[in-house]
């Protein structure tokens, strides 16, 4: 039978992985599913056939909760697993200086040993200690740091974007936390750019169902200022109104309709918590559009009135009569935070832009101040919406489902 080409390093690396996987209680198939790999890819890694990066190995070792010493050993072996011959320098604190020798003995076919002044080491009784780590879900920061062999401060710095960790460190941590493959890949992809200001997210043909970055920032926001020209802002839409807007899209798949409505309601819920103040600037013509038909339109206008009396919500109508104004370029959402700098979000058909540059954010501050100056105040806006709602209801009662005149809204602001 032909001999398999391998090296001492490669054999030790493969044996170490096999033991780590077995010790963690995984089958190859189960581990491959957690990693989001084909089982063949895991087999190739164990057998030294390549196709895997150092970061991916870090994730695997983290998932298996490999002890720090063993993890560092396997990570150091990985880049040189195919190098022949191995001079091992053993320091005074070497974890297991005879490991390689013992593991090769375990697979040896024959052995010839010569020893001059003492019994061969193979006739002595060595004892090898291995640290065992109990794998369990729901780790505290301290437990995760201990499993990674980090100071808790290092973990805190990583979580808060203060540096001091490598992408391999992050991969190991995500493995320890058993992060699902999609989330793990997302965070590993974010890591190299975490200190870059501004983020243009390109979505392909249309935006994803859930705008994760926006939702997470809404949940942290202290104030929100939103300008919308053509429709009622997403954050104030009823489910029926949202369905009508999404259905009218040329690019959002029809089979995602209910998922997208649910995701929109999630954004709204993020703004209903205590401590957040929301100001919505709505262009007057957005009130007139009969989105979804008469009944949906009436319901939406009444919903605006219900929201306008909430202590955390201010609705400001920008009258059409003012003509040109500072918000004509594009709708936007501005968020301020207790601990972070102001952020501006611009959404279009197939991309989302998060603006963080100080000068650019100040430009949107100026637009908000201008909209504030030319809009009806909060009480005038509520009165204008009320007049328009009453006109819609009157048309409904008389079975004349025609659009009320725009003057019914503007009149109050001009009086």
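The values are calculated or read from the model by the stated rules, or taken from the named source; none is laboratory data. Quick caveat, the model's predicted, so the values are computed rather than measured. As a convention, Cβ positions derive from the backbone with ideal geometry for all residues, glycine included, and neighbour counts pool all protein chains shown.
Among the residues of segment 260-285, those that are crowded, with 19+ Cβ neighbours inside 10 Å and closer than 22 Å to residue 326 by Cβ comprise 278, 279, 280, 281, 282, 283, 284.
Somewhere in segment 221-230, is a residue assigned by TED's automatic domain parsing to the domain that holds residue 325 and over 27 Å from residue 386 (Cα atoms)? Checked segment 221-230: at least one residue is assigned by TED's automatic domain parsing to the domain that holds residue 325 and over 27 Å from residue 386 (Cα atoms).
Filtering segment 201-218 for residues that are assigned by TED's automatic domain parsing to the domain that holds residue 352 and under 24 Å from residue 381 (Cα atoms) leaves an empty set. Here is the figure for segment 151-178: residues that are assigned to a helix (DSSP H, G or I) and at pLDDT 80 or above total 14. Quick check, is residue 229 more than 15 Å from residue 352 (Cα to Cα), modelled with pLDDT under 90 and touching a strand residue (DSSP E or B) at 6+ places or on another chain (Cβ under 8 Å)? So residue 229 fits the description; yes. A Cβ distance below 7 Å, combined with a sequence gap of six or more or placement on separate chains, defines the contacts here; from segment 194-209, residues that are closer than 28 Å to residue 257 by Cβ reach no residue that is exposed (fewer than 10 other Cβ atoms within 10 Å of the Cβ).
Tell me yes or no: at least one residue of segment 350-366 is surrounded by fewer than 19 Cβ atoms within 10 Å (Cβ to Cβ), outside any strand (DSSP E or B) and in contact with a helix residue (DSSP H, G or I) (Cβ under 9 Å, 6 or more places away or on another chain). No, every residue in segment 350-366 fails to be surrounded by fewer than 19 Cβ atoms within 10 Å (Cβ to Cβ), outside any strand (DSSP E or B) and in contact with a helix residue (DSSP H, G or I) (Cβ under 9 Å, 6 or more places away or on another chain). Would it be correct to say that residue 139 is outside any helix (DSSP H, G or I), surrounded by 11 or more Cβ atoms within 10 Å (Cβ to Cβ) and modelled with pLDDT of 55 or more? Answer is yes for this residue.
The residue that is farthest from residue 224 (Cα to Cα), counting only those in segment 286-316 that are free of Cβ contacts under 8 Å to residues at least 60 places away in the same chain and either in a helix (DSSP H, G or I) or not assigned by TED's automatic domain parsing to the domain that holds residue 333 (or both), is 295. Entry remark, segment 227-249: residues being within 27 Å of the chain's Cα centre (by Cα) and assigned to a helix (DSSP H, G or I) number 9 in total. Taken over segment 199-226, the criterion of being in contact with a helix residue (DSSP H, G or I) (Cβ under 8 Å, 6 or more places away or on another chain) and assigned to a loop (DSSP other than H, G, I, E, B) is satisfied by 209, 210, 211, 219. If the condition is being at pLDDT 60 or above, in contact with a helix residue (DSSP H, G or I) (Cβ under 7 Å, 6 or more places away or on another chain) and not in a helix (DSSP H, G or I), then segment 376-414 contributes only 376.
Would you be able to say whether some residue in segment 67-78 is in a loop (DSSP other than H, G, I, E, B), at pLDDT below 85 and in contact with a helix residue (DSSP H, G or I) (Cβ under 9 Å, 6 or more places away or on another chain)? No.
Of these, 164, 193, which one is on the phi < 0 side of the Ramachandran plot and out of contact with any strand residue (DSSP E or B) (no Cβ under 7 Å at 6 or more places or on another chain)? Show your work before the answer.
Details: 164 fails: on the phi < 0 side of the Ramachandran plot.
Answer to the selection: 193.
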